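All remarks here apply to the structure that follows.
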Amino acid sequence: MPPRVVIIGGGYGGSAAAKALDGVADVTLVEPKDAFLHNVGALRAAVDADFAPRIFLPYDKLLTRGRVVRDRAVRAEPGSVALASGATLDADYLVLATGSGYPFPAKSDLDDSSATLERFGATRGQLAEADRVLLLGAGPVGLEFAGEIKAQWPRKEVVLVDPAPEILSGYSEPFRKEILRQLADLGVELLLGDSLAQEPPTEAGTARAFTVTTRAGVEVTAQTWFRTHGVTPATGYLAGALAGARRSGGQIEVTPTLQVKGQSTVFALGDITDVAEPKRAGAAVRHAEVIAENITSLIGGGTELTRYAPGPPLLLLPLGPTGGAAEMPGGELLGPETTAQYKGADLMVGRFAETFGLDR
């Protein structure tokens, strides 16, 4: 009987790990959603009705030997996982890949794809009614969302507020200048080094006029707003010996081999880890590759495990389907045309559809 590997979470890293281990172990992927939600395309789904259905990828063809169980882990310990349905899964190896929560529309907390599509549609309707949109957060998500809104509605005004004094700190000056240039061309307004004195009086994503004041005394009037910051690691299900590896912010302490601290058969990947690097889909997939290699080695009796090394700064930042820029390893700057080819045109739907055995 092949070793049992239970992977909790069917996002980018969890799905990649399940696929990589499908031929060497008895793989069970636990995921509450009825389809993989390609979050990289979620911001465009909020503005483009034709694009939205393309970001939902069924799990049916992901695995050939293993299985995908639509359920939610409520308690995980070394060797076993308790599910919301009441079932318990035994595991020789456990991979924690539950990712993080983030304000809608960048991520959805709904498990049903049709309900999420409806929510995208409702958000799109509210956005269409607004003449001016306020985004709280000028990180990559806020900047990308601003670009998507302006691409769909060029006359709509967009303002971003962020307490940081500059955008994209940690990236090169040429890259940041190129993004700022394109934002200026789009007419996007940036209020940096400032924050709101109070929350907007309306619910996020609702079209209703309001005026708020920043701490610097700037009045901002808009008809709808969105929060574009705030990552929350999803690790509340950890119990027993695993609970001790959970840090105060919710992230899990891992070793360089991506094993949970103090554990030899439990691994963690992606947003929930304390690995010092930007929390993005590409990093989770690279984590999955290392974990799959290490579990395969352990199954074969190996003792030397691969260590994960975070890569150099890399950011592909589209501003709509034809805009944006990218900073590549080594500091190479890519302009809007190449950025669109790599990411912006379809936001990598085709690439990830292949992982799931689909033709998109």
Test for A20: is it touching a Phe, Trp or Tyr at 6+ places or on another chain (Cβ under 7 Å), surrounded by 17 or more Cβ atoms within 10 Å (Cβ to Cβ), closer than 27 Å to A241 by Cβ and touching a residue at least 12 places away in the same chain (Cβ under 8 Å): no
Return only the number of the condition from (1) under 18 Å from F36 (Cβ atoms); (2) out of contact with any strand residue (DSSP E or B) (no Cβ under 9 Å at 6 or more places or on another chain); (3) open to solvent by less than 50 Å² (accessible area, probe 1.4 Å) that R124 does not satisfy. (1)
Any residue in region 179-206 that is touching a residue at least 24 places away in the same chain (Cβ under 8 Å) and assigned to a loop (DSSP other than H, G, I, E, B) sitting within a Cβ distance under 6 Å of a residue that is among the small types (G, A, S) and surrounded by 13 or more Cβ atoms within 10 Å (Cβ to Cβ)? List the pairs, counting only those 6 or more apart or interchain. V188/A146
Members of region 23-63 that are in contact (Cβ under 8 Å) with a residue 60 or more places away in the chain, closer than 17 Å to P321 by Cα and among the charged types (D, E, K, R): R44, D48, R54
Can you find a residue in region 25-35 that is over 30 Å from L315 (Cβ atoms) and among the polar types (S, T, N, Q)? yes
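When you scan region 44-72, how many residues do you find that are small (G, A, S), buried (at least 18 other Cβ atoms within 10 Å of the Cβ) and over 24 Å from S85 (Cα atoms)? Show your work before the answer.
Taking region 44-72 first, the residues small (G, A, S) are 45-46, 49, 52, 66.
Okay, now just the ones that are also buried (at least 18 other Cβ atoms within 10 Å of the Cβ), so 45-46, 52, 66.
When the remaining residues are screened for being over 24 Å from S85 (Cα atoms), the result is 45-46, 52.
So the count comes out to 3.
Considering each of G41, G101, G139 in turn, give the residue that is under 16 Å from the mean Cα position of the chain (by Cα), open to solvent by less than 20 Å² (accessible area, probe 1.4 Å) and not hydrophobic (A, V, I, L, M, F, W, C). Don't jump to the end; show me each part of the working.
Details: G101 fails: open to solvent by less than 20 Å² (accessible area, probe 1.4 Å); G139 fails: open to solvent by less than 20 Å² (accessible area, probe 1.4 Å).
From the options G41, G101, G139, the qualifying one is G41.
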Can you pull out the residues in region 313-324 that are touching a strand residue (DSSP E or B) at 6+ places or on another chain (Cβ under 9 Å) and more than 15 Å from G139 (Cβ to Cβ)? L314
Condition first: β-branched (V, I, T), open to solvent by less than 40 Å² (accessible area, probe 1.4 Å) and in contact with a Pro (Cβ under 7 Å, 6 or more places away or on another chain). Can you find one or more residues in region 328-346 that meet it? yes
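Can you find a residue in region 150-163 that is in a strand (DSSP E or B), open to solvent by 20 Å² or more (accessible area, probe 1.4 Å) and touching a helix residue (DSSP H, G or I) at 6+ places or on another chain (Cβ under 8 Å)?
Let us first name the residues in region 150-163 that are in a strand (DSSP E or B), namely 157-162.
Narrowing further to those that are open to solvent by 20 Å² or more (accessible area, probe 1.4 Å): 157, 162.
Now narrow it down to the ones that are touching a helix residue (DSSP H, G or I) at 6+ places or on another chain (Cβ under 8 Å): 162.
Yes.
Conditions tested, residue by residue: (1) under 24 Å from K343 (Cβ atoms); (2) not β-branched (V, I, T).
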| site | (1), (2) |
| --- | --- |
| E129 | no, yes |
| R132 | no, yes |
| G137 | yes, yes |
| P140 | yes, yes |
| F145 | yes, yes |
| Q152 | yes, yes |
| L160 | yes, yes |
| A164 | yes, yes |
| I167 | yes, no |
Considering region 320-353 alone, what residues qualify as being closer than 23 Å to E173 by Cα and among the β-branched types (V, I, T)? T322, T338, T339
Condition (residue is in contact (Cβ under 8 Å) with a residue 40 or more places away in the chain, touching a Lys or Arg at 6+ places or on another chain (Cβ under 8 Å), open to solvent by 10 Å² or more (accessible area, probe 1.4 Å) and within 30 Å of E129 (Cα to Cα)) applied to region 244-257: is it met by at least one residue? no
Out of E118, E129, report the one residue that is more than 19 Å from G13 (Cα to Cα), in contact (Cβ under 8 Å) with a residue 12 or more places away in the chain, more than 17 Å from the chain's Cα centre (by Cα) and open to solvent by 20 Å² or more (accessible area, probe 1.4 Å). E129
Is it true that some residue in region 276-290 is in contact with an Asp or Glu (Cβ under 8 Å, 6 or more places away or on another chain) and open to solvent by 40 Å² or more (accessible area, probe 1.4 Å)? yes
Any residue at all in region 264-274 that is open to solvent by 60 Å² or more (accessible area, probe 1.4 Å) and under 23 Å from the mean Cα position of the chain (by Cα)? no
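Do we find a residue being open to solvent by less than 40 Å² (accessible area, probe 1.4 Å), in contact with a strand residue (DSSP E or B) (Cβ under 9 Å, 6 or more places away or on another chain), of a type in the set (G, A, S) and on the phi < 0 side of the Ramachandran plot anywhere in region 213-222? Write out each step before concluding.
Taking region 213-222 as the starting set, the residues that turn out to be open to solvent by less than 40 Å² (accessible area, probe 1.4 Å) are 214, 220, 222.
Going one step further and asking which of them are in contact with a strand residue (DSSP E or B) (Cβ under 9 Å, 6 or more places away or on another chain), we end up with 214, 220, 222.
Now narrow it down to the ones that are of a type in the set (G, A, S): 222.
Adding the requirement that they be on the phi < 0 side of the Ramachandran plot leaves 222.
Taking every residue of region 213-222 in turn, at least one turns out to be open to solvent by less than 40 Å² (accessible area, probe 1.4 Å), in contact with a strand residue (DSSP E or B) (Cβ under 9 Å, 6 or more places away or on another chain), of a type in the set (G, A, S) and on the phi < 0 side of the Ramachandran plot.
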Return yes when T213 is in contact (Cβ under 8 Å) with a residue 12 or more places away in the chain, among the β-branched types (V, I, T) and assigned to a loop (DSSP other than H, G, I, E, B) and no when it is not. no
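The values are calculated or read from the model by the stated rules, or taken from the named source; none is laboratory data. In this text, all values refer to a predicted model and were calculated from it rather than measured experimentally. Reconstructed Cβ throughout: ideal geometry from the backbone, glycine too, with neighbour counts over all protein chains shown. Accessible surface is based on the protein model in full, side chains and every heavy atom, while ligands, DNA and RNA are left aside. Shrake-Rupley method; radii C 1.70, N 1.55, O 1.52, S 1.80 Å.
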